[in-house]
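Trainee: Here it is, the structure, as structure tokens.
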Amino acid sequence: MNSKERVLSVLTKKQPDRVPFIDLTLAPVFVKKYLEYYGLEYDEPEKTVDDSPVVIMPTVANTRQKTEMLCERLGLDAVGITFWIKHLGIIEEKGGQNLVTAGGIQSIDDIRSIKLPDPDDESLYQPAVDFIKNYRDMDKALYCVTNLGSDPVILGMGFENFCMSVYTQPHLIEEMMELYSNWQAKVIKNLCGLDIDFLWTTDDIAYKTSTYISPDDIRKFLMPHYRKVAKSFTKPWIYHSDGMLYDIMEDLLSLGMNGIHPVEPEAMDIKILKEKYGKQITFCGNIDVDKLSTGKPEEIDKLVKNAIQTAAQGGGYICGSSNSITQYCDPANVEAMSKAIHIYGGY
């Protein structure tokens, strides 16, 4: 069973030969650190001015050579490309990271400044087409990372403004969700028409202890639009949100996704989820990204072993970090995660 077969087997609730290893993205800083850790050369990519309305970048590395090297060394089963619409949040660099510090959309009048590209413009998808052409001959599953619509709304409005607007200007959230979800529905339909194997949506809606807004407000403001977008999927897909999703899990599962990511261990117990929903859904991730950054390889080995023993019975589990491979992750710990998956993940 090759990587593509392994991943698609798990996402369709079949038992593969072993647990797959996939991570949402590998931070470029980590890739540089990992290659240098093993004495391998890393050429910094040229910085260019990007005027595209969509953030399109590879999820593993910026060249085929680096991607193959990382896949071989880490045993990754999938590689992908992002397709995120650029939001109107205000971004500042802090601690070497670009962070959204405020929203550019503060009122209903500001919506006029949003200019979304034509979702049926074929040129918009050319970078994804080129990616597929360049990587299709690998035995890896290929995926595209996009949104259901709430992420550019929350980031574009700014987190505090979004939460307050639930009470002060709910019409703004409704207008924003309608705009972005309509666009995303068409984008997802078109992405599914490409030769990719699955999609991965990133729409964070929760902290470690609760959802951003009340479960009832999520059902009111977000779920109707999620359902509309979900109808566009004709390929398997994984839904990502960090945090505690217990209170809306039934609502999310009604969307019909094939996988839930990342099952953050400080927020949710994968054992409880497996027992309750394991026949319906594949769980992805769960290896504590903080431990991958600050722990020891032997700790990672235990985490992976426990996650596989808990969630992999009969299939239905893809192992990876509880978020993504961030710039802080220790190369030795990521390597330990990979080795443990291959040691304990066989069926």
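Trainee: Anything in segment 219-248 that is under 12 Å from His261 (Cα atoms) and hydrophobic (A, V, I, L, M, F, W, C)? List them, or say none.
Mentor: Trp237, Ile238, Met244, Leu245
Trainee: Taking strands (runs of 3 or more DSSP E) that fall entirely within segment 54-133, which contain at least 2 residues that are touching a helix residue (DSSP H, G or I) at 6+ places or on another chain (Cβ under 7 Å), buried (at least 16 other Cβ atoms within 10 Å of the Cβ) and at pLDDT 95 or above?
Mentor: Of the strands (runs of 3 or more DSSP E) lying wholly inside segment 54-133, those with at least 2 residues that are touching a helix residue (DSSP H, G or I) at 6+ places or on another chain (Cβ under 7 Å), buried (at least 16 other Cβ atoms within 10 Å of the Cβ) and at pLDDT 95 or above span 78-82.
Trainee: Consider Gly285 carefully, then state whether it is farther than 18 Å from Asp23 by Cα and small (Gly, Ala, Ser).
Mentor: Answer is no for this residue.
Trainee: Let me confirm something: among Trp200, Trp183, Trp237, which residue is surrounded by fewer than 23 Cβ atoms within 10 Å (Cβ to Cβ) and either of a type outside the set (A, V, I, L, M) or in contact with a strand residue (DSSP E or B) (Cβ under 6 Å, 6 or more places away or on another chain) (or both)?
Mentor: On inspection, the qualifying residue turns out to be Trp183.
Trainee: Now, a different point. Pro117 versus (1) over 27 Å from Ile218 (Cβ atoms); (2) without any contact (Cβ under 8 Å) to a residue 60 or more places away in the chain: which is the lone unmet condition?
Mentor: That leaves (2) as the condition not met.
Trainee: Same structure again: For segment 129-182, give me the residue count where each residue is on the phi > 0 side of the Ramachandran plot and without any contact (Cβ under 8 Å) to a residue 60 or more places away in the chain.
Mentor: Of the residues in that region, 0 qualify.
Trainee: Are any residues in segment 12-36 under 22 Å from Thr146 (Cα atoms), in a loop (DSSP other than H, G, I, E, B) and of a type outside the set (A, V, I, L, M, F, W, C), and if so, which ones?
Mentor: Result: Thr12, Pro20, Asp23, Thr25.
Trainee: Still on this structure, please answer the following. Could you tell me whether Glu275 is farther than 22 Å from Ile343 by Cα and either without any contact (Cβ under 8 Å) to a residue 24 or more places away in the chain or touching a Leu at 6+ places or on another chain (Cβ under 6 Å) (or both)?
Mentor: Yes: the conditions hold for Glu275.
Yes or no, residue by residue, for (1) within 22 Å of Tyr37 (Cα to Cα); (2) touching a residue at least 40 places away in the same chain (Cβ under 8 Å); (3) within 20 Å of the chain's Cα centre (by Cα):
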position: Ile270; (1), (2), (3): no, yes, yes
position: Ile281; (1), (2), (3): no, no, yes
position: Thr294; (1), (2), (3): yes, no, no
position: Lys302; (1), (2), (3): no, no, no
position: Asn306; (1), (2), (3): no, no, no
position: Tyr317; (1), (2), (3): no, yes, yes
position: Ser324; (1), (2), (3): yes, yes, yes
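Trainee: So which residues in segment 1-11 are assigned to a helix (DSSP H, G or I) and not aliphatic (A, V, I, L, M), if there are any at all?
Mentor: Ser3, Lys4, Glu5, Arg6, Ser9
The values are calculated or read from the model by the stated rules, or taken from the named source; none is laboratory data. Model, not experiment: these values are computed from the prediction. Heads up, the Cβs are rebuilt from the backbone with ideal geometry, glycines too, and the neighbour counts pull from every protein chain shown.
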